[in-house]
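The values are calculated or read from the model by the stated rules, or taken from the named source; none is laboratory data. Source: prediction; values computed, not measured. Note: areas computed on protein heavy atoms with side chains; ligands, DNA, RNA excluded. Shrake-Rupley method; radii C 1.70, N 1.55, O 1.52, S 1.80 Å.
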Amino acid sequence: MTVEEKIEATRGDINDDLDDAKDMIAEAEAVGAETNKKLAMQNEQLRRANDDLDEIDENVDKAEHSLYRMEMCCCFAICCCCFHSDAPKKKSRNKKSMTVEGKILQEERKRKKNRQDENEDGITEEERFERQKNNKLDDISDGLDRLQDLAKIQNEQIKETSRINEQLKEKIDKEKGRLKADNLRAKKLLNS
């Protein structure tokens, strides 16, 4: 094998390796995007559960108010003069969120480059190979940047999941305690 043949074989190997790297990055991007989509859906489910707990909290408020009225009632039977609902209403909370796809597009727009085709007339085979190699390396670099963005978004989603989970835990513990106390009050009232 001549030196030229060895050089050409090495160039072919380099091109193949760069193409393989680009393919692996594209696969990793697809997995990362799917993971981000699932994390966003999970966070949305948690937000809905959080909203449901807010509604449960309002219902427990009403039940406590009714128990209080029953305890203060002049007779055991619920009469219309002692029992009416004027429990305070809670204010709704504002919610904000940006879709994962929106974040990815936002980050990609920041990085997007306008590449112009170079005129290949009058260049040597070595120069052509160098340009192709550099273009592929640029593509790999861009792919790695996108993977980094996906990882950042996943990190944000996981932090959001943790925050929502902590809120849910606190609300559940609070409502559990309130319901237990209200149940004891109701039993005491019924046994009187």
The range 1-46 - accessible surface per residue (Å², probe 1.4 Å):
69
Past 18 Å, Cα to Cα, is the threshold; run Lys38/Lys174; Lys62/Lys174; Lys37/Lys152; Lys37/Lys171 against it and keep the listed order.
Lys38/Lys174; Lys37/Lys171
